[in-house]
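A short worksheet on the structure shown next.
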Amino acid sequence: MRPATRCSICGGTTFRRREVLWQRLIDEWQISPAEVDYIDRQQGERCGDCRANLRSVALASALLSVFRSEDTLSAFVDSPAAAGFKVLEVNTAGNLHATLERMPGHVFGAYPEMDMHALPFADGSFDVVVHSDTLEHVADPIHALAECRRVLRPGGALCFTAPVIIGRMSRSREGLAPSYHGNAEEKRGDWVVRTEFGADLWAFVMEAGFERIQLFSVGYPAGLAWAAYREGVS
Ligand SMILES: [Zn+2]
(Lines give C-alpha, C1' and ligand atoms only; values in the text may rest on other atoms or scores of the structure.)
Protein backbone atom coordinates (compact mmCIF):
# COMPACT_ATOMS: atom_id res chain seq x y z
CA MET A 1 0.00 0.00 0.00
CA ARG A 2 1.36 3.39 -0.87
CA PRO A 3 1.47 6.16 1.70
CA ALA A 4 -1.50 8.47 1.90
CA THR A 5 -1.30 11.58 -0.25
CA ARG A 6 -2.28 14.96 1.16
CA CYS A 7 -3.38 17.55 -1.35
CA SER A 8 -1.01 20.53 -1.18
CA ILE A 9 -3.70 22.77 -2.65
CA CYS A 10 -6.69 22.17 -0.34
CA GLY A 11 -5.43 19.69 2.29
CA GLY A 12 -7.75 16.91 1.10
CA THR A 13 -6.67 13.30 1.64
CA THR A 14 -9.06 11.37 -0.61
CA PHE A 15 -7.86 10.69 -4.15
CA ARG A 16 -9.82 9.02 -6.93
CA ARG A 17 -8.44 7.66 -10.14
CA ARG A 18 -9.75 7.73 -13.68
CA GLU A 19 -7.87 6.39 -16.72
CA VAL A 20 -6.99 9.14 -19.15
CA LEU A 21 -4.54 7.79 -21.74
CA TRP A 22 -5.85 6.43 -25.01
CA GLN A 23 -4.40 3.64 -27.15
CA ARG A 24 -3.14 5.73 -30.05
CA LEU A 25 -1.13 7.96 -27.70
CA ILE A 26 0.25 4.89 -25.90
CA ASP A 27 1.37 3.50 -29.27
CA GLU A 28 2.89 6.82 -30.41
CA TRP A 29 4.88 7.14 -27.21
CA GLN A 30 5.87 3.45 -27.24
CA ILE A 31 5.34 3.21 -23.48
CA SER A 32 5.06 0.10 -21.33
CA PRO A 33 2.06 -0.93 -19.16
CA ALA A 34 3.93 0.30 -16.04
CA GLU A 35 4.51 3.68 -17.71
CA VAL A 36 0.86 3.85 -18.76
CA ASP A 37 -0.06 3.21 -15.12
CA TYR A 38 1.94 6.08 -13.63
CA ILE A 39 1.07 8.56 -16.38
CA ASP A 40 -2.61 7.75 -15.85
CA ARG A 41 -2.12 8.50 -12.15
CA GLN A 42 -0.22 11.72 -12.94
CA GLN A 43 -3.03 13.07 -15.10
CA GLY A 44 -6.12 11.21 -13.86
CA GLU A 45 -5.78 10.64 -10.10
CA ARG A 46 -7.55 13.57 -8.50
CA CYS A 47 -8.16 15.08 -5.08
CA GLY A 48 -11.76 14.30 -4.09
CA ASP A 49 -12.18 17.80 -2.68
CA CYS A 50 -10.56 20.27 -5.13
CA ARG A 51 -10.26 17.90 -8.15
CA ALA A 52 -6.54 18.64 -8.67
CA ASN A 53 -4.60 15.82 -10.34
CA LEU A 54 -1.27 14.51 -9.03
CA ARG A 55 0.84 16.65 -11.33
CA SER A 56 -0.95 19.75 -10.04
CA VAL A 57 -0.45 18.62 -6.44
CA ALA A 58 3.29 18.17 -7.12
CA LEU A 59 3.43 21.59 -8.80
CA ALA A 60 1.70 23.21 -5.83
CA SER A 61 4.32 21.61 -3.54
CA ALA A 62 7.09 23.17 -5.65
CA LEU A 63 5.38 26.58 -5.48
CA LEU A 64 4.91 26.38 -1.70
CA SER A 65 8.60 25.62 -1.29
CA VAL A 66 9.50 28.69 -3.34
CA PHE A 67 6.98 30.76 -1.37
CA ARG A 68 8.51 29.32 1.85
CA SER A 69 5.02 28.49 3.07
CA GLU A 70 3.86 25.55 5.18
CA ASP A 71 0.21 26.31 4.39
CA THR A 72 -1.85 24.73 1.63
CA LEU A 73 -1.66 26.70 -1.60
CA SER A 74 -5.28 27.75 -1.17
CA ALA A 75 -4.57 29.22 2.28
CA PHE A 76 -1.32 30.82 1.16
CA VAL A 77 -2.71 32.77 -1.80
CA ASP A 78 -5.19 34.55 0.50
CA SER A 79 -2.54 35.35 3.13
CA PRO A 80 -0.69 38.68 3.43
CA ALA A 81 2.58 36.96 2.44
CA ALA A 82 1.19 36.20 -1.03
CA ALA A 83 1.16 39.90 -1.88
CA GLY A 84 4.96 39.87 -1.82
CA PHE A 85 5.26 37.73 -4.99
CA LYS A 86 4.89 38.62 -8.65
CA VAL A 87 3.89 35.43 -10.46
CA LEU A 88 3.71 34.80 -14.21
CA GLU A 89 1.53 31.83 -15.17
CA VAL A 90 2.14 30.78 -18.78
CA ASN A 91 -0.73 28.64 -20.08
CA THR A 92 -3.27 27.36 -17.56
CA ALA A 93 -1.11 25.62 -14.95
CA GLY A 94 -2.88 22.30 -14.46
CA ASN A 95 -5.65 22.73 -11.91
CA LEU A 96 -3.96 25.68 -10.18
CA HIS A 97 -5.20 28.61 -12.25
CA ALA A 98 -8.26 29.48 -10.17
CA THR A 99 -6.12 29.42 -7.02
CA LEU A 100 -3.11 31.32 -8.40
CA GLU A 101 -5.23 34.10 -9.86
CA ARG A 102 -6.29 35.08 -6.33
CA MET A 103 -2.73 36.36 -5.76
CA PRO A 104 -2.51 40.17 -6.10
CA GLY A 105 0.70 39.92 -8.14
CA HIS A 106 -0.56 37.24 -10.55
CA VAL A 107 -0.16 37.73 -14.32
CA PHE A 108 -1.57 35.20 -16.79
CA GLY A 109 -0.50 34.59 -20.36
CA ALA A 110 -2.55 32.18 -22.48
CA TYR A 111 -0.71 29.70 -24.68
CA PRO A 112 0.03 29.83 -27.58
CA GLU A 113 -0.92 33.54 -27.72
CA MET A 114 1.88 34.27 -25.25
CA ASP A 115 5.01 32.96 -26.96
CA MET A 116 7.36 31.19 -24.55
CA HIS A 117 10.16 32.07 -26.96
CA ALA A 118 9.46 35.80 -26.66
CA LEU A 119 7.81 36.68 -23.34
CA PRO A 120 6.59 40.30 -23.47
CA PHE A 121 8.24 41.33 -20.19
CA ALA A 122 11.46 43.05 -19.16
CA ASP A 123 14.33 41.10 -17.60
CA GLY A 124 13.82 40.32 -13.92
CA SER A 125 10.08 41.13 -13.86
CA PHE A 126 8.87 38.18 -11.75
CA ASP A 127 9.61 36.27 -8.57
CA VAL A 128 8.04 33.09 -9.93
CA VAL A 129 7.19 31.74 -13.38
CA VAL A 130 4.91 28.70 -13.55
CA HIS A 131 3.78 26.43 -16.36
CA SER A 132 2.45 22.89 -16.50
CA ASP A 133 2.70 20.34 -19.31
CA THR A 134 3.45 23.04 -21.86
CA LEU A 135 7.22 22.71 -22.42
CA GLU A 136 6.77 19.56 -24.55
CA HIS A 137 4.86 21.66 -27.11
CA VAL A 138 7.39 24.46 -27.72
CA ALA A 139 9.80 24.44 -30.66
CA ASP A 140 13.00 24.80 -28.62
CA PRO A 141 12.63 23.84 -24.95
CA ILE A 142 16.08 25.08 -23.88
CA HIS A 143 15.40 28.49 -25.41
CA ALA A 144 11.94 28.63 -23.82
CA LEU A 145 13.39 27.76 -20.40
CA ALA A 146 16.08 30.43 -20.85
CA GLU A 147 13.34 32.93 -21.69
CA CYS A 148 11.52 32.00 -18.45
CA ARG A 149 14.81 32.53 -16.59
CA ARG A 150 15.33 35.93 -18.24
CA VAL A 151 12.09 37.33 -16.82
CA LEU A 152 12.91 36.05 -13.30
CA ARG A 153 14.64 38.30 -10.82
CA PRO A 154 17.86 36.92 -9.32
CA GLY A 155 16.74 34.54 -6.58
CA GLY A 156 13.48 33.81 -8.43
CA ALA A 157 12.31 30.38 -9.54
CA LEU A 158 10.53 28.63 -12.37
CA CYS A 159 8.09 25.95 -11.19
CA PHE A 160 6.91 23.56 -13.88
CA THR A 161 5.78 20.12 -14.90
CA ALA A 162 6.27 18.23 -18.15
CA PRO A 163 5.37 14.65 -18.99
CA VAL A 164 8.46 12.52 -18.35
CA ILE A 165 9.19 8.89 -19.16
CA ILE A 166 11.69 8.34 -16.38
CA GLY A 167 13.22 5.13 -17.78
CA ARG A 168 14.62 6.63 -20.96
CA MET A 169 16.28 9.72 -22.39
CA SER A 170 14.45 12.62 -23.98
CA ARG A 171 13.78 12.52 -27.69
CA SER A 172 12.58 15.02 -30.25
CA ARG A 173 9.49 13.93 -32.15
CA GLU A 174 10.85 15.66 -35.25
CA GLY A 175 10.42 13.22 -38.14
CA LEU A 176 8.00 11.02 -36.15
CA ALA A 177 4.24 10.89 -36.75
CA PRO A 178 2.52 13.90 -35.14
CA SER A 179 1.29 13.22 -31.61
CA TYR A 180 -1.15 15.45 -29.73
CA HIS A 181 -2.02 15.89 -26.08
CA GLY A 182 -5.32 16.99 -24.60
CA ASN A 183 -7.71 14.36 -25.88
CA ALA A 184 -7.93 11.69 -28.55
CA GLU A 185 -9.51 14.10 -31.08
CA GLU A 186 -7.00 16.95 -30.59
CA LYS A 187 -5.34 17.94 -33.88
CA ARG A 188 -4.45 21.60 -33.37
CA GLY A 189 -0.88 22.34 -34.39
CA ASP A 190 -0.24 24.26 -31.18
CA TRP A 191 -0.71 21.05 -29.20
CA VAL A 192 1.54 18.80 -31.24
CA VAL A 193 4.16 17.24 -28.98
CA ARG A 194 7.64 18.31 -30.07
CA THR A 195 9.72 16.77 -27.28
CA GLU A 196 9.16 13.60 -25.23
CA PHE A 197 11.09 14.22 -22.03
CA GLY A 198 13.02 11.50 -20.24
CA ALA A 199 15.35 11.14 -17.27
CA ASP A 200 17.66 13.86 -18.66
CA LEU A 201 15.06 16.64 -18.37
CA TRP A 202 17.33 18.28 -15.79
CA ALA A 203 19.98 18.87 -18.49
CA PHE A 204 17.58 21.06 -20.51
CA VAL A 205 17.06 23.17 -17.39
CA MET A 206 20.78 23.55 -16.69
CA GLU A 207 21.59 24.30 -20.35
CA ALA A 208 19.03 27.09 -20.17
CA GLY A 209 21.21 28.74 -17.52
CA PHE A 210 19.50 27.83 -14.26
CA GLU A 211 21.89 27.18 -11.39
CA ARG A 212 19.86 24.94 -9.09
CA ILE A 213 16.99 22.46 -9.46
CA GLN A 214 14.67 20.85 -6.92
CA LEU A 215 12.45 17.90 -7.77
CA PHE A 216 9.09 17.38 -6.02
CA SER A 217 7.18 14.13 -6.25
CA VAL A 218 3.74 12.91 -5.25
CA GLY A 219 3.24 9.17 -5.54
CA TYR A 220 6.58 8.85 -7.38
CA PRO A 221 6.91 8.61 -10.28
CA ALA A 222 3.33 9.68 -11.01
CA GLY A 223 3.40 13.33 -9.96
CA LEU A 224 6.66 15.17 -10.64
CA ALA A 225 7.36 18.91 -10.58
CA TRP A 226 10.53 20.96 -10.78
CA ALA A 227 11.64 24.23 -9.22
CA ALA A 228 14.55 25.77 -11.13
CA TYR A 229 16.28 28.71 -9.48
CA ARG A 230 17.95 31.74 -10.97
CA GLU A 231 20.69 32.36 -8.44
CA GLY A 232 22.13 35.74 -7.57
CA VAL A 233 21.43 38.70 -5.37
CA SER A 234 18.38 40.78 -6.15
ZN1 LIG B 1 -7.30 19.19 -3.11
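The values are calculated or read from the model by the stated rules, or taken from the named source; none is laboratory data. None of the values given here were measured: they were computed from a predicted structure. Heads up, the Cβs are rebuilt from the backbone with ideal geometry, glycines too, and the neighbour counts pull from every protein chain shown. Note: accessible area is taken over every heavy atom of the protein model, side chains too, but ligands, DNA and RNA are not part of it. Shrake-Rupley method; radii C 1.70, N 1.55, O 1.52, S 1.80 Å.
Of the peptides 37-48, 52-63, the order by per-residue mean of other Cβ atoms within 10 Å, starting with the highest, comes out as 52-63, 37-48. In terms of the Cα gyration tensor, with a ≥ b ≥ c the square roots of its eigenvalues, is the stretch 60-195 rounded because a/c is under 1.5, prolate because a/b exceeds b/c, or oblate? The shape class here is prolate. The alpha carbon gyration tensor of the chain gives principal lengths a ≥ b ≥ c with a/c of 1.5 or higher and a/b no greater than b/c, which makes the shape oblate.
Shown here for the stretch 118-220: trypsin sites (Lys or Arg not before Pro) in loop regions (DSSP other than H, G, I, E, B) with at most 13 other Cβ atoms within 10 Å, namely Lys187, Arg188.
Over the chain, DSSP H runs of length four or greater, each weighted -39,500 (n - 2.57), average out per residue to a 222 nm ellipticity of -7000 deg cm²/dmol. For the stretch 69-147, applying the loop criterion from DSSP together with a ceiling of 16 other beta carbons within 10 Å to the GluC sites (Glu not before Pro) yields Glu70, Glu101, Glu113. A 1.4 Å probe run over the chain, with the rest of the protein chains in place, finds 45 Å² accessible per residue.
Take each peptide in 17-23, 91-97, count the other Cβ atoms within 10 Å of every residue, and average; sorted highest first, the result is 91-97, 17-23. Each Cα pair under 8 Å and six or more residues apart adds its separation to the average, and for the chain the resulting relative contact order is 21 percent. Using R0 = 35 Å, the C-beta based FRET efficiency linking His97 and Glu207 works out to 0.75.
Computed from the C-beta positions of Asp200 and Asp37, the FRET efficiency with R₀ = 30 Å rounds to 0.85.
With a 1.4 Å probe and all protein chains left in place, how much of the accessible area of the stretch 2-229 comes from carbon and sulfur atoms, in whole percent? Provide the component values of the computation, followed by the final result.
Numbers: 4920 of 9760 Å².
That share works out to 50 percent.
Using a/c under 1.5 as the rounded threshold, could you call the stretch 46-134 rounded, prolate or oblate? The axes a ≥ b ≥ c are square roots of the C-alpha gyration tensor eigenvalues, and prolate needs a/b larger than b/c, oblate otherwise. Can you show the working numbers first?
Numbers: a/c = 2.06, a/b = 1.25, b/c = 1.64.
Judged from the Cα gyration tensor, the stretch 46-134 comes out oblate (a/c at least 1.5, b/c at or above a/b).
Shown for the chain: cysteine residues without a partner Cβ closer than 4.7 Å, namely Cys148, Cys159.
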